[in-house]
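For reference, the structure discussed in these notes is given below.
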Amino acid sequence: MKNKLSDHINNKIEIENLDKFAVIIGKNPSFNARSPLLWNAAFKANNLNYLMVPIDVDLENLEIVLKFLQEDKRCIGGAITIPYKSNVMDWLGERVSDEVKNIKAVNCIYRNKEGIFRGTNTDGEAALVAFKNKFGELKNKKVMIMGCGGAGKAVIAYFTKELKNENLYLTSRDKSNFIPEKKLKNIIWVDWLDKSLILNKIDILINCTSLGFDKQTDIAPLQEEDIRLLKKQSIVYDIIYNPEKTLLLNLAEKNGLKIINGSEMNLLQAVLAFKYVVNNVDKNINPEKPMREVAKSK
């Protein structure tokens, strides 16, 4: 009979000698997730016998794993990555933040005062802050976002809020993911096959698809002839951070466009999530300095 956490996951983890531990849950975060590196640097800098460990799990075992972690009081929560951000939201039910109710995706779980897991999302805020830190305000800019999966929904919510009266163009390979909320009225849907028709209007292009990531590093959501349709002062933002430059960013840079990848977004979402998870059950720790130091060294 399978009655241990290790029976339901696809990788080996060492948690027996830890005081507490955090997790990053996804299909295969043990292969490429950066969060353990960042979180563990913050734990070490504060002399805590904690670790973030990756949890590789199949969808059929996801709820079982979440229940095991809920019951193990040493687990303080952690990060949720692709492709389970919506699944974990469904499992949590009403135990989610208002942002998650709008975004429909969870990327962070933490324990509330009663010790029960709650969910929030730090992707959107981190994506917006990372962009503004490098390029400034979005006022009077026309933005198009490609992809509306878990991370995409978060980015859409925060960028539409920031744009206020400006319209945001949205395209995705799967329109079934697109559910316009009442609070997001200024979204204009563009069919995936027609996206090149409006590129000459776009000031900021954001890739929130998985094209360019993992086993798709040789694929881009736009071809080079499409990239050439963008204005010369346009900015191309790919929220993927591994590889550092996706095929999309390489094509954009080749054509003289300004670019930004997902490294700063990833770091900032980790900082925000760490504060939810760790400071909610332990000490008031600011993880940003050790996280930045280890990110620069890698």
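The values are calculated or read from the model by the stated rules, or taken from the named source; none is laboratory data. These figures come from a predicted structure and were not determined experimentally. Neighbour counts are summed over all protein chains in view; Cβ atoms, including those assigned to glycine, are modelled from backbone coordinates with ideal geometry. Accessible surface areas use protein heavy atoms only, side chains included; no ligands, DNA or RNA. Shrake-Rupley method; radii C 1.70, N 1.55, O 1.52, S 1.80 Å.
Yes or no: the range 100-109 includes at least one residue that is outside any helix (DSSP H, G or I), hydrophobic (A, V, I, L, M, F, W, C) and open to solvent by 10 Å² or more (accessible area, probe 1.4 Å). Within the range 100-109, none of the residues are outside any helix (DSSP H, G or I), hydrophobic (A, V, I, L, M, F, W, C) and open to solvent by 10 Å² or more (accessible area, probe 1.4 Å). Of all residues in the range 19-33, those satisfying the criterion of being open to solvent by 50 Å² or more (accessible area, probe 1.4 Å) and not in a strand (DSSP E or B) are Asp19, Lys27, Ser30, Phe31. Within the range 186-207, is even one residue touching a residue at least 40 places away in the same chain (Cβ under 8 Å), out of contact with any Ser or Thr (no Cβ under 8 Å at 6 or more places or on another chain), closer than 30 Å to Arg111 by Cα and not in a helix (DSSP H, G or I)? No, every residue in the range 186-207 fails to be touching a residue at least 40 places away in the same chain (Cβ under 8 Å), out of contact with any Ser or Thr (no Cβ under 8 Å at 6 or more places or on another chain), closer than 30 Å to Arg111 by Cα and not in a helix (DSSP H, G or I).
For the range 91-107, does any single residue satisfy the condition of being under 22 Å from Leu37 (Cβ atoms), of a type outside the set (Phe, Trp, Tyr) and in contact (Cβ under 8 Å) with a residue 24 or more places away in the chain? Looking through the range 91-107, at least one residue is under 22 Å from Leu37 (Cβ atoms), of a type outside the set (Phe, Trp, Tyr) and in contact (Cβ under 8 Å) with a residue 24 or more places away in the chain. Restricting attention to the range 132-148 and to residues that are of a type in the set (Lys, Arg) and open to solvent by 100 Å² or more (accessible area, probe 1.4 Å), the residue that is nearest to Lys164 (Cα to Cα) turns out to be Lys139. Residue-level analysis places Gly124 outside the set of residues that are assigned to a strand (DSSP E or B) and either under 19 Å from Ile188 (Cβ atoms) or of a type outside the set (S, T, N, Q) (or both).
Note on the range 215-266: among residues that are assigned to a loop (DSSP other than H, G, I, E, B) and of a type in the set (Ser, Thr, Tyr), the one that is farthest from the chain's Cα centre (by Cα) is Ser234.
Condition check ((1) among the hydroxyl-bearing types (Ser, Thr, Tyr); (2) within 28 Å of Lys113 (Cβ to Cβ); (3) modelled with pLDDT under 95; (4) touching a strand residue (DSSP E or B) at 6+ places or on another chain (Cβ under 7 Å)) across all residues:
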{"site": "Lys245", "(1), (2), (3), (4)": "no, no, no, no"}
{"site": "Asn250", "(1), (2), (3), (4)": "no, no, no, no"}
{"site": "Gly256", "(1), (2), (3), (4)": "no, no, no, no"}
{"site": "Ile260", "(1), (2), (3), (4)": "no, no, no, yes"}
{"site": "Gln269", "(1), (2), (3), (4)": "no, yes, yes, no"}
{"site": "Asp282", "(1), (2), (3), (4)": "no, yes, yes, no"}
{"site": "Ile285", "(1), (2), (3), (4)": "no, yes, yes, no"}
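Being touching a Gly at 6+ places or on another chain (Cβ under 9 Å), at pLDDT 95 or above and not acidic (Asp, Glu) is a description that applies to Tyr237. Quick one: Phe159 ticks every box in (1) part of a helix (DSSP H, G or I); (2) more than 22 Å from Asn242 (Cβ to Cβ); (3) open to solvent by 20 Å² or more (accessible area, probe 1.4 Å) except a single one, so which number is it? Phe159 satisfies all of (1) part of a helix (DSSP H, G or I); (2) more than 22 Å from Asn242 (Cβ to Cβ); (3) open to solvent by 20 Å² or more (accessible area, probe 1.4 Å) except (3). Listed residues Lys296, Lys231; which is surrounded by fewer than 20 Cβ atoms within 10 Å (Cβ to Cβ) and either in contact with an Asp or Glu (Cβ under 8 Å, 6 or more places away or on another chain) or modelled with pLDDT of 95 or more (or both)? When all the criteria are applied, what remains is Lys231. Set side by side, the residues Asn255, Asn279, Asn242 differ, and just one is surrounded by fewer than 21 Cβ atoms within 10 Å (Cβ to Cβ) and free of Cβ contacts under 8 Å to residues at least 24 places away in the same chain, which is Asn279.
Right, Glu166: part of a loop (DSSP other than H, G, I, E, B), surrounded by fewer than 24 Cβ atoms within 10 Å (Cβ to Cβ) and free of Cβ contacts under 8 Å to residues at least 24 places away in the same chain or not?
No, not satisfied.
For the range 59-73, the criterion of a residue being of a type in the set (A, V, I, L, M, F, W, C), closer than 19 Å to Ala151 by Cα and in contact (Cβ under 8 Å) with a residue 40 or more places away in the chain is satisfied by no position. Number of residues in the range 57-90 that are open to solvent by less than 50 Å² (accessible area, probe 1.4 Å) and more than 17 Å from the chain's Cα centre (by Cα): the value is 11. Only a single criterion out of (1) of a type in the set (Gly, Ala, Ser); (2) over 12 Å from the mean Cα position of the chain (by Cα); (3) open to solvent by 20 Å² or more (accessible area, probe 1.4 Å) is not satisfied by Gly119, namely (3).
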